[in-house]
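Coordinate-derived values only; no laboratory data. Just so it is clear, the structure is predicted and the values come from calculations on it, not from any experiment. Cβ atoms come from the backbone with ideal geometry, glycine included; neighbour counts cover every protein chain shown.
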Amino acid sequence: MPSDALTNTKLGIGITGSFCTFKKIFEELESLHHKGYDLTTVFSYNAYTQNTRFGSASHFITKAEQLTQKDIICTITQAERVGPAKMFDVFLIAPCTGNTLAKLASSITDTPVLMAAKSHLRNNRPVVIFLSTNDALAANLSNIGTLLNRKNIYFVPFSQDNPVDKPNSMISDFSLIEDTIIAALNGTQLSPVISSHA
């Protein structure tokens with residue numbers, strides 16, 4: 001798909017529990033909406049139910065429904081329809097926690113976001129990962145490697161966000177979300193994968 005033909009691209013967004021990123025993620029989703037993307041949100045169980053110091057679950061649920069003018073997909077049963085109904089051209093997991101990353105690499109499907117990704121992949125359509133995890137350079141490093149080599153999986157370029165205080169932590173670059181989506185729709189991983197800043 002050429003980069004100038006993205007109007008009405010059906011973009012699914014899987015939201016998992018890296019709550020500290022939610023504010024900026026929703027800012028990026030608003031930008032994509034204004035550019036003409038057709039957005040649908042899928043919430044993990046934690047994202048859908050947990051209140052944190054970064055905001056209440058109801059606040060983000062309301063924002064998602066107002067932005068998309070659609071009900072949130074919030075159960076595994078609802079998410080299973082993603083593939084058979086060919087609901088999305090591309091599925092973005094943003095943020096993608098280390099827990100979700102590890103399960104995706106191991107083909108574990110126990111949340112709506114993971115089911116949506118699995119169901120979407122059956123159609124050989126791209127899944128884009130916006131990484132946000134404190135153990136990217138520790139236990140999850142092998143999972144990143146696994147997914148980088150898996151067909152139809154693409155990463156928003158990422159880097160260490162606080163190498164002094166959190167040396168194993170990495171996060172994707174918010175400003176490269178759309179560029180990664182465009183590249184993924186063309187079957188290409190945006191490079192460099194490890195960026196100079198996040």
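Computed over neighbours whose Cβ is under 10 Å from that of Pro126, the net charge equals +1, Lys and Arg +1, Asp and Glu -1. Annotation: amide H of Thr52 within the under-5 Å range of Ala57, sequence separation 5 or more or interchain, hydrogens built in the peptide plane.
Working from Cα pairs under 8 Å separated by at least six residues, relative contact order for the range 2-81 is 32 percent.
The base-10 log of I(q)/I(0) for the range 90-198, evaluated at q = 0.13 Å⁻¹, reads -0.42 [Debye formula, identical scatterers on Cα atoms, solvent excluded]. The per residue volume of the convex hull around the alpha-carbon atoms of the range 24-90 is 89 Å³. Normalised size of the range 17-143, defined as Cα radius of gyration per 2.2 N^0.38 Å with N residues, equals 1.01.
Maximal additional length on extending the Asn168-Arg81 stretch stands at 27.7 nm, based on 0.36 nm per residue less the C-alpha distance. Helical content of the chain, expressed as a calculated mean residue ellipticity at 222 nm, amounts to -9500 deg cm²/dmol (DSSP H runs of 4 or more residues, -39,500 (n - 2.57) each, divided by residue number, nearest 500). Each eigenvalue of the Cα gyration tensor of the range 137-198, multiplied by 5 and square-rooted, gives one semi-axis; in descending order these are 21, 15, 7 Å. Karplus-based coupling profile of the range 164-179, in residue order and whole Hz: 7, 8, 9, x, 9, 7, 9, 9, 6, 8, 3, 6, 9, 4, 5, 4, with θ = phi - 60° in 6.51 cos²θ - 1.76 cosθ + 1.60 and x standing for Gly or Pro.
Here the ratio of the Cα radius of gyration of the range 79-124 to 2.2 N^0.38 Å is 1.06.
A cut-off of 5 Å between modelled amide H atoms, ignoring neighbours fewer than 5 places along the same chain, links Thr133 with Met170.
Of Val193, Val127, Val164, the sequence from fewest to most neighbouring Cβ atoms within 10 angstrom is Val164, Val193, Val127.
Relative contact order of the chain: 21 percent, from C-alpha pairs under 8 Å at least 6 residues apart in sequence.
Applying a DSSP loop filter and a limit of 14 other Cβ atoms within 10 Å to the trypsin sites (Lys or Arg not before Pro) in the range 1-71 leaves Lys35, Arg53, Lys70. The Cα atoms of the range 107-156 cover 31, 22, 17 Å along the three principal axes, with the biggest extent listed first.
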